[in-house]
Amino acid sequence: MRQFALCLLVVLSTIVSIQAQQPKKLNSSEIYEAVQKLNVLGSVLYIAAHPDDENTRLISYMANHVKARTAYLSLTRGDGGQNLIGPEIRELLGVIRTQELLAARRVDGGEQRFTRANDFGYSKHPDETLQIWDKDKVLADVVWAIRTFKPDVIINRFDHRRAGQTHGHHTSSALLSLEAFDLANDASKYSSQLNLTQTWQPKRLFYNTSWWRYGSREKFDEIDKSNMLNFDIGVYYPTKGLSNNEVASLASSQHLCQGFGRLSQRGTQQEYIEFLKGEPLDGSNDVFSGIDTSWNRIKGAEAIGAILKDIENGFDFMNPSTHLPKLIEAYKLIQNLEDDHWKSVKTKEILQIIEACTGLYIEVSANSPQAAPNSLIGLRMEVLNRSDVNIELASYNISTMTEGVSKSLPMLPNQKLNFLEDVIIPQDLNYTTPYWLNKKNGIGMYHVEKQELIGLPETPRGITVDFNLIMDNTPITITKPVIYRYSRPDKGELYRPFEIIPQVSGSISDKVFIFENDQQKEIEITVKAGKENIEGYVQMAYPNDWNVYPQKQKIQIENKGDIQKVVFTVIPPKNQSEGLITPMVNIDDEYYTDELIEIDYDHIPFQTVLMPSVSKVVRLDIDKRGNNIGYIEGAGDVVPESLRQIGYNVTIIKPEQISPENLSNFDAIVVGIRAYNILDELKFKQRFLLDYVKEGGNLVVQYNTSRRLKTEQLAPYELKLSRDRVTDENANVKILNPEHPILNFPNKITADDFNGWVQERGLYFPNQWSNEFTPLLAMNDSGESSKEGSLLVAKYGKGNYIYTGLSFFREFPAGVPGAYRLFANLLSAGKEDKTQLKN
């Protein structure tokens, strides 16, 4: 049965992934559900800190059962997390997690909002979080979200009363929500926002609690719940063929980069929310108690409610187009409403229903997925009426053209209309890239200058087409973004967003180049053309004490999308040094210094990101012993590439390749981050790794979490993982055993080697270990006890077992010299030259 459930989840997830790439087309059941939702004028805003924090069960329940307009406000985009599916970290990970949130909302029926807060990594207290984030700006963004979304009800994911007991971001999200609940209706606060919106007072604020808040189900059963509401979020939706908790499981399974793929759930399941402030419930179990969520809440909208209720009660599943006259009537009445907020929201909803009821297929596909400003792009428009309703295509307006194109064509049933238009991409059209990455960001905040953009999940599309139709003598405009539709023999029909890119971009092969001595290296630059017939030259910006040869190299690329590679010789200084290098591509006396990054995963739409093309160069005083390193990959780290940078020959070992014969070929074996959490095979292969150590090998195991370990024997001796971590990257590091060989050979490790670390010192340190282990370092965050489990070494047989929670996977991509020197010592363990050590 479990296998069947897993197969069902895989099939449904595949369907969701396919749908995530293409425009939504509603079937009869979905149209009916949309009509039901059109008849509800209540709204819920769910607030938490990160992607995957949200309770998809409750979001789905509010959106699909209560039929309320429901949104999730994630204060961050999750940039500080780990990536289980690929190498992207920091800003690029934030782009992926943003799209995974949007994929989740497409499943559970919610909407998505953000603030400008940057996920800088784990924080132990909201005081630290709000200082790094710039509390006032994030609070302003939460107020902005409330004023623009206008929720009747706000639900916090986390408890504002738990400062210091959980992730500082989590508690901060609740504290900011609590404060914004009152400020949103105060016109003296963040008054500049009121040029674009109005004040708003939500009616109630809740906290989404559960048994885990109290430590156990038994303790939760004993608490006073008189101030709580509870819902059975396991309700079944016949029109979907799924229960609410199944929908929720599918939604949360979109968070693949965080390892949230999971089995679906069914059956009765209670969800609790605790009332915090606002209008009293007076014993009701309805979050909207006393709030009119019908059309009657809007002046002059009673007639709209009556029309739509008749459609809902007598909905024709076999021929939804029969409802078009009444829908048009309701649409016209909505346009006369004085309430601009609900007028905007419900116009968007009813237009989607009208489009679906008539079976309209309207699409604008470009002949290329990308185009540069000033270039010509071909648009193919397909317009099709798949109903018996009389519709006329009056005209269409392309957003880049000053005048519309008149058509006045009848749209006969199932008779396709095709149009071709050539469009010049305007010179001043913005590139398609995440708007929050346009400016250099700080550690805690993204810089977004336009108020209208703040909170949007994506950058608005650069080119759209308005199709002006006449239905039942009523003008109706349906707007479509330009997309790129294509096919692949192995995947069928596919969709990509159409994107505006620079005419040229340049990228360097690696983000960090480590020079272990003063010998020069050849560094390759790839220049990619965003349009035809690119001609110019490329040069490199570099630090003053470095040299680059030649100074310039000519480039000439005939076809858009083609690349040209050029190689520069980079000569480091004699002494230790570090700096940045950037390719500068000159076309017609204009320099281009951005690289074009493409993110392509099946479960999210294709993403194009423009970021400054910058690589770090480090002239490093480093020595090492041994050359052949075996690497067992974990959860998407770039450690193998980093080790190659300092001259190691790194071979990736697949779990099925782990055998005594294969392991014996390596000077050291490194196990990647969280490998023991995600690789089932290690349960059976661990004995070979420990035997390798016993026979004289050197095994370096990087951090794992204590939950869901694949083996109970992580080490040859007792070793217990914890949640201990040191989040301050500048925390003092005390060397416990200065004479230990690992801290002296082949590189002398001192406190200076811990300068310049980024985001954190390390995470998930062991907190218990047997006497066979020797702790080498001690560190702690302010106000906490010393943590000695960041680097543990034990002799086992003839070899060395090393466990480290230090965040090498973050330090290597940042080019931190001391991290490389220390890791070289870990790999060199057991190869000490006794004479050298003595000296």
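Some observations on this one:
- Residue-by-residue Karplus 3J(HN,Hα) for region 61-70, coefficients 6.51, -1.76, 1.60, Hz, glycine and proline x: 4, 5, 6, 9, 9, 6, 6, 7, 5, 10
- About its Cα centre, the dipole of region 504-619 is roughly 360 debye, where the only charges are +1 on Lys and Arg Cβ and -1 on Asp and Glu Cβ.
- Backbone amide hydrogens, once placed in the peptide plane, bring GLU718 within less than 5 Å of SER770, excluding anything fewer than 5 places away on its chain.
- Region 25-149: C-alpha gyration tensor shape, a/c 1.5 cut-off, then a/b vs b/c: oblate
- Peptides 484-494, 385-395 ordered by packing proxy, namely the average of other Cβ atoms within 10 Å per residue, highest first: 385-395, 484-494.
- When the trypsin sites (Lys or Arg not before Pro) in region 709-760 are filtered for DSSP coil states and for at most 16 other beta-carbon atoms within 10 Å of their beta-carbon, the remaining sites are LYS748.
- With both residues required to sit in the chain, DSSP beta bridges show an antiparallel share near 75%.
- Normalised contact order of the chain, rounded percent, pairs of Cα under 8 Å and 6 or more residues apart: 10
- Length-normalised contact order for region 715-768 - Cα pairs under 8 Å, 6+ apart - percent: 63
- Among 575-586, 292-303, 125-136, sorting by the average number of other beta carbon atoms lying within 10 angstrom of each residue, highest first, gives 125-136, 575-586, 292-303.
- Extreme residue, positive dipole direction of the chain, given options GLN36, GLY215, PHE419 (C-beta unit charges): GLY215
- Shape category assigned to region 425-498 from the gyration tensor of Cα positions, a/c cut at 1.5: oblate
- When you restrict to C-alpha pairs under 8 Å that are six or more residues apart and normalise by the size of region 43-280, the relative contact order lands at 24 percent.
- Annotation: amide H of LEU494 within the under-5 Å range of TYR486, SER487, ARG488, sequence separation 5 or more or interchain, hydrogens built in the peptide plane.
- Among (1) 0.99; (2) 1.25; (3) 1.04, the entry derived from the coordinates for Cα Rg over 2.2 N^0.38 Å: (3)
- Counting only DSSP H runs of at least 4 residues, each contributing -39500 (n - 2.57), and dividing by the residue count of the chain, the helix-based mean residue ellipticity at 222 nm comes to -7000 deg cm²/dmol.
- Candidates LEU643, VAL107, ASN438 compared by Cα position along the dipole of the chain: farthest toward the positive end lies LEU643, with charges placed on Cβ.
- Per-residue HN-Hα couplings for region 510-519 [Karplus 6.51, -1.76, 1.60; θ = phi - 60°; Hz; x = Gly/Pro]: 9, 8, 9, 10, 9, 9, 7, 8, 8, 7
- For region 22-37, putting each phi into the Karplus relation 6.51 cos²θ - 1.76 cosθ + 1.60 with θ = phi - 60° gives couplings of 10, x, 6, 10, 7, 8, 4, 5, 5, 4, 4, 4, 5, 5, 4, 5 Hz, in residue order, rounded to whole numbers and with x for Gly and Pro.
- Dipole magnitude for the chain: about 1200 debye, using +1 per Lys or Arg Cβ and -1 per Asp or Glu Cβ, origin at the Cα centre.
- Rg/Rg_ref, region 504-619, where Rg_ref = 2.2 N^0.38 Å and atoms are Cα: 1.13
- Rounded, prolate or oblate (a/c below 1.5 giving rounded, otherwise prolate when a/b exceeds b/c) for region 729-768 by Cα gyration tensor: oblate
- Charged-residue dipole, Cβ positions (Lys, Arg, Asp, Glu), region 43-280 about Cα centre, Debye nearest 20: 420
- Less than 5 angstrom separates the built amide H of ILE155 from those of LEU45, TYR46, ILE47, PHE206, all sequence-distant by 5 or more or on a different chain.
- Ranked by the mean number of other Cβ atoms within 10 Å per residue, highest first, peptides 672-680, 220-228, 339-347, 255-263 order as 672-680, 255-263, 339-347, 220-228.
Coordinate-derived values only; no laboratory data. Computed from a predicted structure; not experimentally measured. All Cβ positions, glycine included, derive from the backbone under ideal geometry; neighbour counts span all protein chains shown.
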